[in-house]
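The values are calculated or read from the model by the stated rules, or taken from the named source; none is laboratory data. Predicted model, so just to flag it, every value in this text is computed and none were measured. A quick note on method: Cβ atoms are made from the backbone with ideal geometry, for glycine too, and the neighbour counts reach across all protein chains shown. The accessibility values were calculated without ligands, DNA or RNA, using every heavy atom of the protein model including side chains. Shrake-Rupley method; radii C 1.70, N 1.55, O 1.52, S 1.80 Å.
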Amino acid sequence: MSTVSKSAVTADHANPPLVMALTIGSSSVRALLFDCLGQAVEGMTARQSCRLDTTTEGAAEADPDEILDHVWRCVDEVLGRAGQLSARIEGVATCTFVSNVLGVDEQGQAVTPLMTYADTRAADEADRLRREFDEEAVRQRTGCVFHTSYLPAQFRWLARARPDVFQRAVQWISIGEYMERQLFYSDASGNGNETGVSYSVASWTGLLDRGKLVWDAPLLAALPVNVEQLSPLIDVDVPRRGLRDGFSNRWPALRDVPWFPAVGDGAAANVGSGCVTSARVALTMGTTTAVRLVTEEEIVHVPDGLWCYRVDGRRSLPGGAMSEGGNVFAWMRDTLQLPRERDVDDALARMVPDGHGLTVLPLLAGERSPGWVGDARATLRGLGLATTPLHILRASMEGVAYRIALIFDRLEPLLPADFHVVGSGGALRNSPVWVQIIADVLGQPVAVSEVEEASARGAALLALEALGAMDDVTEAPPFVGESIVSDGGRYARYRDAVKRQRILYKTLVDRQDTERA
């Protein structure tokens, strides 16, 4: 692989360096410029919308070439606006949505769509893997359960359901690796299997031995792929440079600039929001919710119900992801035909915490952490003649907070005595009431990050660290706002409510298990 060492790309900082960050999400692609403190350069942002193709059978796929076309357009736009600033770009960083895969042929061209984390067609294969393996042993090695969002089940499903297409693929790669192939291969053959995949992206596949930082041999032995069909593993500070002719002519400012391997968007979001040690826990709530912490300490045991990914070769990323978050608020608002968001928030703020007599399991999209019951469904208990739409909405928002508390309870062994919670994501930025509810449920102050593009910023900071512009990402300012303080009386009341929700959850899951039997 054509790479350069970390020391070789350390920049001359006579002029403050800039980094271009590319983010490839499931709904949009963005390109931004960041300065040496990780501050977005005003006006230097471009965005292109993407789409997922979904079916009633559970498919959730994207066109990888269409995604890359959006990336090229975003780079064109930012460089067109940058003018003389483009001469100060000293690195390009990338983060992507993770748990994605596509197959390529000998010429490095896609022969399958990009299969995403949201694809559920491999549910039966995940069940078969649970019967064949000690899932807990696999989870401790890889940090991942058997689930439709991870590659073991997806590979088995593809081989069974699409055998002709599956056999055409000579290698299986992520969208970040596919981008690298298009940018750097100078001949049609693609130079063989030289694409590298970062430990970060690989850790979201369910196939990485997270301790040894190698592909997991026992699991691969039971799958229809071999290690030669996966990319070599590299760290996030090992870049490539020397764009192929078409791109070096298109972007002369980037011709010899190092491009760093893609990292997972969740890992990047932690770094970008200033949560780069276990003293700061990142709580991200957009459509869904994730709780993550970064630590350089060895995670000997992954807590029950949680996963453990990687930021890079020295930093782990334990945490949990929930299918519920802002989607619950949006569904309730639309279904209950509530007024404008601002008016709703004001009314919610005047309500008594847990004063509605309701218990809600807000599992509108099934469950991931901590129980991983994919076909679980939302449940509302305690309705009466006095119940109003606002009662239901408030109870549902509190119900999401209770689920967040379950993850924090499991993370507790990995947390220091004095830790801080940093929130990010549109659902929290747009609802101070929800932030207050979460602070009261956790019994911890919650500060909201002032960074709007945390994932892009995190990718840029990791690149700046690799370039030598900073010794460690911990040096970057966190840009965190004022903390919302927890109320002790509300905390005690909410802990009782968390217990009620646990009882309701157990009743629901036990009933579903009986029905399956």
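Summary table below
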| read-out | value |
| --- | --- |
| Any hit, segment 125-134, residues being touching a residue at least 40 places away in the same chain (Cβ under 8 Å) and either of a type in the set (Val, Ile, Thr) or touching a strand residue (DSSP E or B) at 6+ places or on another chain (Cβ under 6 Å) (or both) | no |
| Filtered residue count, segment 87-121, keeping only those that are small (Gly, Ala, Ser), open to solvent by 20 Å² or more (accessible area, probe 1.4 Å) and either more than 24 Å from SER26 (Cα to Cα) or in contact with a Ser or Thr (Cβ under 6 Å, 6 or more places away or on another chain) (or both) | 1 |
| Selection within segment 371-409 - in a loop (DSSP other than H, G, I, E, B) and at pLDDT 95 or above | GLY382, LEU383, GLY384, LEU385, ALA386, THR387, THR388 |
| Filtered residues of segment 453-476 (kept if open to solvent by 40 Å² or more (accessible area, probe 1.4 Å) and not hydroxyl-bearing (Ser, Thr, Tyr)) | GLU453, ASP471, GLU475 |
| Whichever residue in segment 350-370 is within 22 Å of the chain's Cα centre (by Cα) and assigned to a strand (DSSP E or B) and, among such residues, is farthest from GLN436 (Cα to Cα) | GLY366 |
| Criterion violated by ASN226 - all others in (1) in contact (Cβ under 8 Å) with a residue 24 or more places away in the chain; (2) under 27 Å from the mean Cα position of the chain (by Cα); (3) open to solvent by 50 Å² or more (accessible area, probe 1.4 Å) satisfied | (1) |
| Residue within segment 415-429 that is among the hydroxyl-bearing types (Ser, Thr, Tyr) and in contact with a strand residue (DSSP E or B) (Cβ under 7 Å, 6 or more places away or on another chain) present | yes |
| In segment 21-35, residue farthest from ALA454 (Cα to Cα) [restricted to those that are open to solvent by 30 Å² or more (accessible area, probe 1.4 Å) and at pLDDT 95 or above] | ASP35 |
| Where a residue in segment 319-336 is closer than 11 Å to THR284 by Cβ and its partner, wherever it lies, is of a type in the set (D, E, K, R) and not in a loop (DSSP other than H, G, I, E, B), with Cβ under 8 Å and at least six apart | GLY319/ARG292; MET322/ARG403 |
| Scope segment 160-187; condition within 28 Å of SER369 (Cβ to Cβ) and crowded, with 16+ Cβ neighbours inside 10 Å; matching residues | TRP172, ILE173, SER174, ILE175, GLY176, GLU177 |
